[in-house]
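The values are calculated or read from the model by the stated rules, or taken from the named source; none is laboratory data. These numbers were taken from a predicted model, which means no experiment stands behind them. Heads up, the Cβs are rebuilt from the backbone with ideal geometry, glycines too, and the neighbour counts pull from every protein chain shown.
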Amino acid sequence: MENTRCFANRFSDYKGALIPGQGAENIVVATIDKILKNVPIDVRDCDGGLYDGPAGVAYMLYHVSECPLFSEHRDVYLKTAKQVIDVSVRYVDAEPDKNMRAAFLLGGAGVYAVAALIYKALGLADFVKPLSKFRNLWDVCAPINFLECGSDELFVGRAGYLCAALVLKQKLGFEILSRDQIKSICQAIIDSGKQYAKRKRKPFPLMYSYYGTEYLGAAHGLSSVLQMLLSYQDVLSEAEKDLVWQSVDFLMNQEQNCNWPPELGAIIERENELVHWCHGAPGVAYLFAKAYLIKKKPQYLDTCIRSGELVWQKGLLKKGPGICHGVAGSAYVFLLLYRLTGNSKYIYRAQRFAEFLFTEEFKAGSHSVSSIYSLFEGLSGTVCFLVDLSQPDKSEFPLFSVFV
Ligand SMILES: [Zn+2]
């Protein structure tokens, strides 16, 4: 029976040698031209933040401009990035809901963070302005229940705010928040998870929900919350670290044949399973990568490797070219595994997925995407992936660093 979620992978697997390709430069430049023809630059069209708003395009342009292969385009891309992000900054400055201003992937925190990166890359002393706006959002997300829908996940919650701070630290080279600020955000996440687990009588230490659902995956779930706590584990007490590691192992035990259900306790149906960055192994893998990098426990690496095997089987997704639930998001798992293991097999696999993005089969068989220019669902994510494939030693899923 035909799988409705993914194309059959008909590529033969790695046999010990990479296939020489023709660099991706021309495709990247042409795809960026296409994106720029589609991206709106009106302040009324800035909804969606980094996830599917114009701000994500600005991040993509910044990312490409940092790659030496595109040095001749650097100035134009950065100037365009500034034009695009400036409009988004005006939009989030005027956002009346302060909680939305504190959101990472869907709101202001992410926009301010990317604005700071772009200004800094352009050599503008002004980069401190968006940085201080970012820093001021700390007050908003510190209270334990600052959002009614769930205060801890990645898109709008505290894990997102920490994730943005991590990206800034990695790319600017200094810590944006004070140790006390980071510590209090981490403690709010831990207290909130403890309270929820206790109230709902969960048999494990930390759990969260978002709009009433106990998600496990990277998008709104436990895995990215734990990933951020591991990323800042040096501010945690020994007792807090114990709770986090217990939760990591708890989540590892929720695996069902190389995958995780979208929500706690759900049973995966093989024919219909979600193999997405947002829900499933391709996003959960980053938590176990982080856990492996810290503890070097082979079990964590094995978990990542099993995720990669599932992605090779079921990762040619029909939901477009993006990184959230599309082919580029799947292929990023191979780049992650390459960085963890150094095994060229994963470069080979990422190259085949890149190749598939330009086939007639993909064009004819995938669903249309509402904002084709966007970073998470559209072509900006694809561009980031193609650029990273050309420099796999530096590759990282956009805005989701584990090698910090
Ligand atoms: Zn998704």
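Among the residues of region 237-256, is any within 16 Å of the ligand (Cβ to nearest atom), in a helix (DSSP H, G or I) and among the small types (Gly, Ala, Ser)? Quick ask: steps written out before the conclusion?
Step one: of region 237-256, the residues within 16 Å of the ligand (Cβ to nearest atom) are none.
The answer is no, given that none of the residues of region 237-256 is within 16 Å of the ligand (Cβ to nearest atom), in a helix (DSSP H, G or I) and among the small types (Gly, Ala, Ser).
Looking at (1) in contact with an Asp or Glu (Cβ under 6 Å, 6 or more places away or on another chain); (2) on the phi > 0 side of the Ramachandran plot, can you tell me which one Ser395 breaks?
(2)
Go through (1) under 17 Å from Val28 (Cβ atoms); (2) within 14 Å of the ligand (Cβ to nearest atom) and name the single condition Gln351 misses.
(2)
Of the conditions (1) more than 13 Å from the ligand (Cβ to nearest atom); (2) under 26 Å from Asp47 (Cα atoms); (3) part of a loop (DSSP other than H, G, I, E, B); (4) in contact with a Ser or Thr (Cβ under 9 Å, 6 or more places away or on another chain), Val402 satisfies every one except a single condition; which number is it?
(2)
Among the residues of region 35-52, count how many are in a helix (DSSP H, G or I) and either of a type outside the set (Phe, Trp, Tyr) or farther than 19 Å from Tyr112 by Cβ (or both).
First, pick out the residues of region 35-52 that are in a helix (DSSP H, G or I): 35-38, 43-45, 49-52.
Filter again for either of a type outside the set (Phe, Trp, Tyr) or farther than 19 Å from Tyr112 by Cβ (or both), leaving 35-38, 43-45, 49-50, 52.
The qualifying residues number 10.
List pairs: first in region 334-348 and modelled with pLDDT of 95 or more, second acidic (Asp, Glu), Cβ under 9 Å, 6+ apart or cross-chain?
Final answer for the pair search is Leu335/Asp388; Leu335/Glu396; Leu336/Glu396; Tyr338/Asp393; Arg339/Asp393; Arg339/Glu396; Lys345/Asp13; Tyr348/Asp13.
Within region 290-307, restricting attention to residues that are free of Cβ contacts under 8 Å to residues at least 40 places away in the same chain and within 20 Å of the chain's Cα centre (by Cα), which residue is farthest from Ser223 (Cα to Cα)?
Here the residue is Ile305.
Could you grab me the full set of residues in region 371-404 that are at pLDDT 95 or above, of a type in the set (A, V, I, L, M) and more than 14 Å from the chain's Cα centre (by Cα)?
Matches in region 371-404: Leu379, Val383, Leu386, Val387, Leu389.
Filter region 315-332 down to the residues that are more than 16 Å from Tyr51 (Cα to Cα) and of a type in the set (Gly, Ala, Ser), then identify the one that is nearest to the ligand (Cβ to nearest atom).
Of everything passing the filter in region 315-332, Ser330 is nearest to the ligand (Cβ to nearest atom).
Among the residues of region 269-289 satisfying the criterion of being of a type in the set (Gly, Ala, Ser) and over 12 Å from the mean Cα position of the chain (by Cα), which is surrounded by the fewest Cβ atoms within 10 Å (Cβ to Cβ)? Don't jump to the end; show me each part of the working.
Step one: filter region 269-289 for residues of a type in the set (Gly, Ala, Ser), giving 280-281, 283, 285, 289.
If we keep only those that are over 12 Å from the mean Cα position of the chain (by Cα) too, we end up with 280-281, 289.
Working: Gly280: 29, Ala281: 33, Ala289: 24.
So, considering only residues that are of a type in the set (Gly, Ala, Ser) and over 12 Å from the mean Cα position of the chain (by Cα), the one surrounded by the fewest Cβ atoms within 10 Å (Cβ to Cβ) is Ala289.
How many residues are among the β-branched types (Val, Ile, Thr) and in contact (Cβ under 8 Å) with a residue 40 or more places away in the chain when one looks only at region 246-279?
From region 246-279, those among the β-branched types (Val, Ile, Thr) are 248, 267-268, 275; that's our starting set.
Filter once more, so that each one left must be in contact (Cβ under 8 Å) with a residue 40 or more places away in the chain: 248, 275.
Result for region 246-279: 2.
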